[in-house]
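Reading through the structure tokens given below for one structure.
Bear in mind these aren't lab numbers, they're just calculated from the coordinates by the rules spelled out. Given the structure is predicted, the values throughout are model-derived calculations rather than measurements. Positions of Cβ are generated from backbone atoms using ideal geometry, with glycine treated the same way; all protein chains shown enter the neighbour counts.
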């Protein structure tokens, strides 16, 4: 799976948008971008994923550049409960005679996001 | 279904003892994963099952580690002759095949070897 690069830490004011960048310059055409977060003392939580189009759900938006070499996770109105480690992961999809399967998730160091009042 | 359950939440053991952790995945999920996480690091993949078959093991999984999923439902991870370096959070996750939607993780078992 392609390697990702994220800043080690970021700050954000409560109520403002948090924009978390991720570089994945060696991403392949069959690799998806996934975002997870981990709040202290809990297991990682799935946020969103995408291939090449921008995606939005109730938690966040994912913006992937046209060349797919980088992406940004946007939390539109950050709250104190969004303080967590955010992981950007590139994950392969594998098509074979049995159908499509997906590679395992490989976590990096992530970005520690601190939302302050 | 309340998600992925792990038991115990915390375990303190003396060096050299054996420990066993249990994971109950989401009932309809056929894939189950084990990860290990040390302080300040992201989770590291250990092994995964599809139904009862163990399909991949990481090189991190030494001979002292064994995982089972005998009936394709719950799984156990056993560590024999624990060492201080085994102290970590052990995370379990489950997913459906093909699983594009990602994994659901449990809250983990924190192991401390003294």
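Here are some notes:
- Peptide A:103-114 shows a mean partner chain C-beta count of 4 within 10 Å per residue C-beta.
- Each label point was placed 7 Å from the Cα along the Cα-to-Cβ direction; for residue B:78 and residue A:28 their separation is 3.7 nm.
- With the convex hull of the Cα atoms taken as the outline of the stretch B:1-61, the averaged projected area works out to 5.5 nm².
- Theoretical gain in end-to-end length, residue A:51 to residue A:81 [0.36 nm per residue, Cα-Cα removed]: 8.0 nm
- Counts of other chain beta carbons within 10 angstrom of each beta carbon in peptide B:26-35 average 1.
- Inter-chain neighbour count for A:33-46: the average number of beta-carbon atoms from partner chains within 10 Å of each residue's beta-carbon is 5.
- Length gained when the stretch residue B:96-residue B:59 is fully extended (0.36 nm per residue, less Cα-Cα span): 10.9 nm
- Reported to the nearest whole Å, the Cα centre-to-centre distance from the stretch B:52-114 to the stretch A:42-83 is 27.
- Förster radius 22 Å - calculated FRET efficiency between residue A:42 and residue B:20, Cβ distance, rounded to 0.05: 0.50
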